[in-house]
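S.K.: Encoded as structure tokens, here's the structure I'll be asking about.
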Amino acid sequence: MKRFLFSLTGLLLALAPLAAQTQTYSDVTEVNVVEIPVQVLLDGKPVRNLKADNFVVYQDKGKQLVTGFEAVDLVAIPDDKAQEVPVPARRHFLLLFDLAFSEPKAIVQARGAAKDLLTGLHASDLVAVATYVASRGSELVLGFTSDRGQIEAAIDSLGLPELVDRTTVDPLRLYVEELRREIQENTNRDTQSSPERPTMKAFADEEVLRDMEQAMRASESGNTEVQKDKITAFTRSFTDLARLMRSVNGHKHVVYLSEGYDSSILLGSTDKGLDKEMQDAREKGEVWKVDSQQRFGSADAMNDVEGMLEELRRADCTVQAVDIAGLRGTSGSSGALGYERKGGRESLFQMARDTGGELYENFNDLSAAMGKMLERTGVTYVLTIQPETPPDGTYHALKVELRGLPRGARVVHRPGYFAPKPFAQRTRMERMLLTAGQVLAGEEGGQVRTSVMTAAIPAGAGTDGTADVPVLVEIDGPSLLHLHQGNDLPAEIYVYALDAKGQVRDYIAQTLTLDMFKVEAKLLQAGLKFYGHLELPPGSYKARVLVRNGRTGFHGLRVVPLEVPSFAGAGPADPKLLPPFFSEAKGEWLVVREAPRPGRRTVAVPSPTAARPGSASPP
């Protein structure tokens, strides 16, 4: 057993952070800061080297003072500096797989196209993964992240009906590694029990596809009214998705992988033969053979589509529509398992055109096909204004004008923004995206004072090479309780360990429901002490720790450097110097440790009942 030494210097440094933060956190003030990502194009190419003086910003027709300006040129940013790019300047790509208006074979093949796109993105680009299923609507599988491993794991989970409706373990949707491990474990078990099914490892065997197709056939109908209802449900779900995207800071490209819906249901039939049949039936008095919606379309459904597109524009979402119909192969072949459906090219084209995007079809390499779009968006100018608008959720129109540029230069920017709503009025998913965005941005501060300490210790023989990293989070009680009302307090604690590439290697996420009748005195006297642990391989990390009062929305964010050494070969003569973990006297702090998680090791932490004031006990 190795010996670990604890230094007095380490103890003093450990006590310092909470006291030092007292001056960095101010009283609660809300400033409405609006960041506007802007691209400037000339002859389809990005214009570089512009200054703040080249832009004039108007909100609701009133001129605004530009209080902040930043230029981000992705060509000039190496991969090792990608995580320093501010979130508003990063490109956001939402990979949206349509499981309702697409054939199973096409969806499975579309996963490969989505992975092709990843190869052409910059290291700073953020990607999220979502699905649309007719019975459940739009579902976010993975939140916006630059972690390519998590993105590929989320893409791999598509096409398996029993996994599509799973809720990821991570409440912020930044880590889906458990999902990938469970898929692999299920695959291994299925392979052992049924050796004739080894292709499940590729998630593309005929049995899986047949299950998907059977579910799709059950929802198909030749009745025009039923199909119209499906389109109405689709537009309403996408409207809700657009409203959710308001919570994401930055311009969003919705990469919509689908075969599209039959637009003739909305626009009416252009089939001359069908028109003649209906005309003959009318002349013969056989009015039951005349389907007016099939011939003339549906005005109500068209209004729903227009409303959806307007919400997408207001949420600063551009639809990049990808027609995946050509990916399903030849219908009727044993490997295709597809069947003919009416083409939806027109609907895909409309969604792309009316939001400023493009339609991609007949592509071999999606990354290459989107090359021009990626080039156009490679230079972003972030303009910051601070308008005096109340936090009431209302929409405000924006206009950005250029000056000092040659004729023909064109500016692309968000058409407006929604003022922030009070935290209590936001939906669960809006709160999730807000919190995930704050963790991803890594901007320290907030209203809740916190102190964080971490240290790596060896996990012992027989492990997977990862070290145990205990994490101690001390939360100042009075700042956590500021403006709090109610008999209970939901305290949310999130710890994410990111490596130099921005990959999430492990996390802790826990919500504590605190009974104010029992714990308010302790919180006011000192605060909350939370113990948890990460499991990390050797390397350099940054632990991003966010604490939030789930009722008021007030939060505090800390970013702590973390070094995990390699403990291989260390012996009694090779001690490691670690900072101490300490506990206060019994009764001064409210002490909570993380809840057990399946497949995780149990790590001992200091016992607050055993520690004396000022003493240090090893973890």
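The values are calculated or read from the model by the stated rules, or taken from the named source; none is laboratory data. Note that the structure is predicted; figures quoted are calculated from it, not measured. So basically every Cβ, Gly included, is an ideal-geometry build from the backbone, and we count neighbours across all protein chains shown. Ligands, DNA and RNA are excluded from the accessible area calculation, which covers all protein heavy atoms including side chains. Shrake-Rupley method; radii C 1.70, N 1.55, O 1.52, S 1.80 Å.
S.K.: Please indicate, with yes or no, whether at least one residue in the range 37-55 is under 26 Å from Ala315 (Cβ atoms) and at pLDDT below 95.
M.R.: Yes.
S.K.: Still on this structure, I have one more. Consider Met429 against the criteria (1) in contact with a helix residue (DSSP H, G or I) (Cβ under 8 Å, 6 or more places away or on another chain); (2) closer than 28 Å to Arg551 by Cα; (3) open to solvent by less than 20 Å² (accessible area, probe 1.4 Å): it satisfies all of them except one. Which criterion is unmet?
M.R.: With (1) in contact with a helix residue (DSSP H, G or I) (Cβ under 8 Å, 6 or more places away or on another chain); (2) closer than 28 Å to Arg551 by Cα; (3) open to solvent by less than 20 Å² (accessible area, probe 1.4 Å) applied to Met429, the lone miss is (3).
S.K.: Related question: Got a number for residues in the range 383-424 being open to solvent by 50 Å² or more (accessible area, probe 1.4 Å), within 21 Å of the chain's Cα centre (by Cα) and modelled with pLDDT of 90 or more?
M.R.: 0
S.K.: Tell me which strands (runs of 3 or more DSSP E) are completely within the range 522-585 and hold 2 or more residues being under 35 Å from the mean Cα position of the chain (by Cα) and either at pLDDT below 95 or over 30 Å from Pro420 (Cβ atoms) (or both), or say none if there are none. Please lay out each step first, then the result.
M.R.: Details: elements: 527-536, 539-549, 555-564, 576-578.
It comes to 527-536, 539-549, 555-564.
S.K.: Just wondering, is there one or more residues in the range 313-322 that are among the acidic types (Asp, Glu), open to solvent by less than 30 Å² (accessible area, probe 1.4 Å) and at pLDDT 80 or above? Give the derivation first.
M.R.: Step one: filter the range 313-322 for residues among the acidic types (Asp, Glu), giving 316.
Then keep just the ones that are open to solvent by less than 30 Å² (accessible area, probe 1.4 Å); that gives 316.
Remaining after also requiring at pLDDT 80 or above: 316.
Yes, some residue in the range 313-322 is among the acidic types (Asp, Glu), open to solvent by less than 30 Å² (accessible area, probe 1.4 Å) and at pLDDT 80 or above.
S.K.: Kindly provide the set of residues from the range 406-450 that are aliphatic (A, V, I, L, M) and touching a strand residue (DSSP E or B) at 6+ places or on another chain (Cβ under 6 Å), ordered by number. Can you show your working first?
M.R.: Residues of the range 406-450 that are aliphatic (A, V, I, L, M), as a first pass: 409, 411-412, 419, 424, 429, 432-434, 436, 439-441, 448.
Result: Ala409, Val411, Val412, Ala436, Val439, Val448.
S.K.: Select from the range 358-369 the residues that are within 18 Å of Ala325 (Cβ to Cβ) and surrounded by 14 or more Cβ atoms within 10 Å (Cβ to Cβ) and list them in ascending order. Step through it out loud before you land on a result.
M.R.: Residues of the range 358-369 within 18 Å of Ala325 (Cβ to Cβ): 358-366, 369.
Matches in the range 358-369: Glu358, Leu359, Tyr360, Glu361, Phe363, Leu366, Ala369.
S.K.: Starting from residues that are acidic (Asp, Glu) and open to solvent by less than 10 Å² (accessible area, probe 1.4 Å), keep the ones in the range 147-184 and report whichever is modelled with the highest pLDDT. Explain how you work it out, then say what you get.
M.R.: Step one: list which residues in the range 147-184 are acidic (Asp, Glu), which gives 147, 152, 156, 162, 165, 170, 177-178, 182.
If we keep only those that are open to solvent by less than 10 Å² (accessible area, probe 1.4 Å) too, we end up with 147, 170.
On the way: Asp147: 90, Asp170: 82.
Going through the qualifying residues, I end up with Asp147.
S.K.: Hey, another quick one. Within the range 457-480, take every residue that is part of a loop (DSSP other than H, G, I, E, B) and touching an Asp or Glu at 6+ places or on another chain (Cβ under 7 Å) and give me the one that is farthest from Arg505 (Cα to Cα). Talk me through it step by step, then tell me what you get.
M.R.: Within the range 457-480, the subset part of a loop (DSSP other than H, G, I, E, B) is 458-466.
Okay, now just the ones that are also touching an Asp or Glu at 6+ places or on another chain (Cβ under 7 Å), so 459, 466.
On the way: Ala459: 16, Thr466: 11 Å.
If we take residues in the range 457-480 being part of a loop (DSSP other than H, G, I, E, B) and touching an Asp or Glu at 6+ places or on another chain (Cβ under 7 Å), then Ala459 is farthest from Arg505 (Cα to Cα).
S.K.: Which of the numbered conditions does Leu65 fail, given that it passes all the others? Conditions: (1) within 26 Å of the chain's Cα centre (by Cα); (2) exposed (fewer than 13 other Cβ atoms within 10 Å of the Cβ); (3) at pLDDT 95 or above; (4) among the hydrophobic types (A, V, I, L, M, F, W, C).
M.R.: Evaluating Leu65 over (1) within 26 Å of the chain's Cα centre (by Cα); (2) exposed (fewer than 13 other Cβ atoms within 10 Å of the Cβ); (3) at pLDDT 95 or above; (4) among the hydrophobic types (A, V, I, L, M, F, W, C) leaves (1) as the failure.
S.K.: When residues of the range 323-335 are filtered for being outside any loop (DSSP other than H, G, I, E, B) and either at pLDDT below 90 or within 19 Å of the chain's Cα centre (by Cα) (or both), how many remain? Steps first, please.
M.R.: Here is the first cut: in the range 323-335, the ones outside any loop (DSSP other than H, G, I, E, B) are 323, 325-327.
Then keep just the ones that are either at pLDDT below 90 or within 19 Å of the chain's Cα centre (by Cα) (or both); that gives 325-327.
Count: 3.
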